[in-house]
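A.B. asks: Handing you a structure now.
The values are calculated or read from the model by the stated rules, or taken from the named source; none is laboratory data. Please read all numbers here as calculations on a predicted model, not as lab measurements. Glycine gets a Cβ as well: all are built from the backbone with ideal geometry, and neighbour counts include every protein chain shown. Ligands, DNA and RNA are stripped out before the accessible areas are found, and what is left, the full protein with its side chains, is counted by its heavy atoms. Shrake-Rupley method; radii C 1.70, N 1.55, O 1.52, S 1.80 Å.
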Amino acid sequence: MNSPLHRIIRNFGMVLSGQGAVTVLGFLALSINSRALGMTDLGRLFLIQATCELISKLVAFQNWQSYIKVGADIEGRGSLTRLWLYGLSLDFAAGFIASIIATVILLFAPEVIGLDPEIAHYGLLYAASLLLSGSETSIGVLRLFEAYGKVVWISILQAALLFGNAAVLAVLNAPLSAYLYTLPIIISASSIAMMFIAWKQLRVRDTASLRRRFDIIAQRRFLRFAFGISASSMLTAMRQRGEVLIVGALLGPSAAALFGVAYRLAALFSRFAEAARVSVYPEFSRLVSAGLFEDAVRLAFRLTRWASGGAFAAMLVLALAGSPILVVLFGEEYRVAAPILMLLATGTAVYTCVFALGPLTQITFGSWRLFGFNLLAFVGFLCFAVLGPLMFGQNGAGAGAAAYSIVLALLLLWQVTYHRRKTAADREPKQPESH
């Protein structure tokens with residue numbers, strides 16, 4: 001009962017249960033914030049958060065995947081602690097660059113993101129907190145060692161602190177500046193805690209001495225794979241964080257607030273796909289490394305069938321109850337966000353259906369192949385992210401996310417099925433030529 005599928009199900013259950021708790025706490029905090037701040041200030045908070053998070057995602061390395069891929073190869077033969085320190089140095093370097101860029105925008109060009117200079121200055125602590133945002137390599141350490149629970153508990157603790165912070169500030173009737181001071185402190189503390197726990201885990205599990213010479217080949221493989229992943233992540237971040245900025249620039253802060261709450265509700269369903277993607281990554285790495293691509297494909301398509309059923313059910317729920325859910329969670333004025341919610345949910349549903357094909361493509365064909373597919377999908381995103389609001393107003397917000405997911409899904413399906421047929425054809429015995 002320790003097959004790849006059973007390990008995936010076990011890890012998926014652990015990650016999903018944690019994400020469920022985080023989601024509930026997150027929506028409670030958002031519900032409180034939406035009522036305490038009002039639509040305009042909530043939109044300003046979303047714009048500052050989106051700006052800082054977008055810049056962070058654009059320059060950051062998604063090192064948890066690189067650590068798992070390279071760490072699994074050198075485990076027992078090289079120092080995983082040294083590899084962690086190398087990845088951590090990349091995390092901190094990216095955080096420093098992101099903090100500088102965000103600070104420059106908030107100080108000298110706040111109008112670009114639709115903010116007044118006075119409001120933007122309150123976001124400088126948020127920008128400074130990006131210095132401590134580098135926990136990706138530490139998360140990779142814990143996932144490589146199957147310590148999913150520790151990642152989950154840190155996430156739950158952060159969500160609980162954010163919920164408590166929202167409740168206290170609402171009772172105090174605090175201004176927007178208070179939110180922009182307290183939120184980054186909580187997020188930074190969680191990142192530091194993740195790094196500390198990863199270090200403790202390595203002290204117990206890393207069997208190679210720190211005195212062992214660092215493998216320069218492993219370093220290069222880590223960096224090359226990390227760059228490919230980061231290139232794809234940049235496009236994903238621009239889609240996830242950038243669309244609210246496009247909506248805000250075209251339609252104003254109130255429309256950004258409508259998009260923001262709809263995005264967070266749609267993201268509730270994407271958590272299932274994200275939890276599953278995290279769970280399958282180590283298993284696909286082992287199967288592909290062992291030359292068992294066909295086994296990995298069968299597993300991926302089996303998971304795809306299961307995910308498609310869940311995505312259909314989620315879309316049905318939102319179609320029937322999307323508007324009442326928005327009203328209950330955020331207030332009557334957010335009922336008009338229902339069309340945005342359905343567009344965003346369409347993209348989420350498509351992504352959920354093919355969640356397993358992304359990691360399989362990345363591991364089998366390399367991180368740069370997946371980047372190429374993401375780049376093509378991003379072209380579709382840009383077109384529809386702008387055309388949607390221009391043609392249909394706020395009801396067209398979210399069209400970019402839907403276009404991105406549909407294009408990417410089609411490309412992933414083509415790549416996996418094409419390579420599967422090609423591999424099968426290469427394995428067939430060739431018939432001798434007749435004379």
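A.B. asks: Restricting to the stretch 163-176, name every residue that is closer than 25 Å to residue 118 by Cβ and under 24 Å from the mean Cα position of the chain (by Cα). Reasoning before the result, please.
C.D. replies: Taking the stretch 163-176 first, the residues closer than 25 Å to residue 118 by Cβ are 165-166, 168-170, 172-176.
Passing the criteria: 165, 166.
A.B. asks: Please specify each residue of the stretch 318-347 satisfying the condition of being open to solvent by 20 Å² or more (accessible area, probe 1.4 Å) and under 21 Å from residue 303 (Cβ atoms).
C.D. replies: Correct list: 346 only.
A.B. asks: Return only the number of the condition from (1) open to solvent by less than 20 Å² (accessible area, probe 1.4 Å); (2) part of a helix (DSSP H, G or I); (3) in contact with a Phe, Trp or Tyr (Cβ under 7 Å, 6 or more places away or on another chain) that residue 134 does not satisfy.
C.D. replies: Among (1) open to solvent by less than 20 Å² (accessible area, probe 1.4 Å); (2) part of a helix (DSSP H, G or I); (3) in contact with a Phe, Trp or Tyr (Cβ under 7 Å, 6 or more places away or on another chain), residue 134 violates only (2).
A.B. asks: Between a residue in the stretch 113-140 that is closer than 30 Å to residue 222 by Cβ and among the aromatic types (Phe, Trp, Tyr) and any residue that is surrounded by fewer than 23 Cβ atoms within 10 Å (Cβ to Cβ) and modelled with pLDDT under 80, which pairs come within a Cβ distance under 7 Å, given they are 6 or more apart or on different chains?
C.D. replies: none
A.B. asks: Something else about it: Kindly list, by first and then second residue, each pair from a residue in the stretch 98-110 that is more than 16 Å from residue 44 (Cβ to Cβ) to a residue that is part of a helix (DSSP H, G or I) and open to solvent by 30 Å² or more (accessible area, probe 1.4 Å), limited to pairs with Cβ atoms under 7 Å and residues at least 6 apart or on different chains.
C.D. replies: 98/59; 99/128; 99/131; 103/124
A.B. asks: How many residues, within the stretch 332-363, are charged (D, E, K, R) and either closer than 29 Å to residue 229 by Cα or touching a Cys at 6+ places or on another chain (Cβ under 6 Å) (or both)? Let's see the steps before the verdict.
C.D. replies: First, the residues of the stretch 332-363 that are charged (D, E, K, R): 332-333, 335.
From what's left, either closer than 29 Å to residue 229 by Cα or touching a Cys at 6+ places or on another chain (Cβ under 6 Å) (or both): none.
Total meeting the criteria: 0.
A.B. asks: Quick check on my filter: what residues within the stretch 42-72 are small (Gly, Ala, Ser) and either part of a helix (DSSP H, G or I) or farther than 30 Å from residue 286 by Cβ (or both)? Even if it seems obvious, please write down each step before you answer.
C.D. replies: First pass over the stretch 42-72, keeping only residues small (Gly, Ala, Ser): 43, 50, 56, 60, 66, 71-72.
Once the filter is applied, which keeps residues that are small (Gly, Ala, Ser) and either part of a helix (DSSP H, G or I) or farther than 30 Å from residue 286 by Cβ (or both), the stretch 42-72 yields 43, 50, 56, 66, 71, 72.
A.B. asks: Considering every residue within the stretch 116-125, establish whether at least one is open to solvent by 40 Å² or more (accessible area, probe 1.4 Å), at pLDDT below 85, within 21 Å of residue 46 (Cα to Cα) and among the hydrophobic types (A, V, I, L, M, F, W, C).
C.D. replies: Checked the stretch 116-125: no residue is open to solvent by 40 Å² or more (accessible area, probe 1.4 Å), at pLDDT below 85, within 21 Å of residue 46 (Cα to Cα) and among the hydrophobic types (A, V, I, L, M, F, W, C).
A.B. asks: Another question about this same structure. What's the number of the condition residue 261 fails, among (1) modelled with pLDDT of 80 or more; (2) β-branched (Val, Ile, Thr); (3) open to solvent by less than 10 Å² (accessible area, probe 1.4 Å); (4) closer than 23 Å to residue 377 by Cα?
C.D. replies: Exception for residue 261: condition (4).
A.B. asks: Which number in (1) open to solvent by less than 30 Å² (accessible area, probe 1.4 Å); (2) within 19 Å of the chain's Cα centre (by Cα); (3) without any contact (Cβ under 8 Å) to a residue 60 or more places away in the chain marks the one condition that residue 314 misses?
C.D. replies: If we test residue 314 against (1) open to solvent by less than 30 Å² (accessible area, probe 1.4 Å); (2) within 19 Å of the chain's Cα centre (by Cα); (3) without any contact (Cβ under 8 Å) to a residue 60 or more places away in the chain, just (2) comes out false.
A.B. asks: Quick check on residue 425: is it open to solvent by less than 70 Å² (accessible area, probe 1.4 Å) and either under 19 Å from the mean Cα position of the chain (by Cα) or at pLDDT 90 or above (or both)? Give the derivation first.
C.D. replies: Details: open to solvent by less than 70 Å² (accessible area, probe 1.4 Å): yes; either under 19 Å from the mean Cα position of the chain (by Cα) or at pLDDT 90 or above (or both): no.
Judged against the criteria, residue 425 is not a match.
A.B. asks: Let me ask something else. Mind checking which helices (runs of 4 or more DSSP H) fall wholly inside the stretch 279-385 and carry at least 3 residues that are out of contact with any helix residue (DSSP H, G or I) (no Cβ under 6 Å at 6 or more places or on another chain)? Full working, then the answer.
C.D. replies: Values: elements: 293-330, 338-353, 357-365.
Correct list: 293-330.
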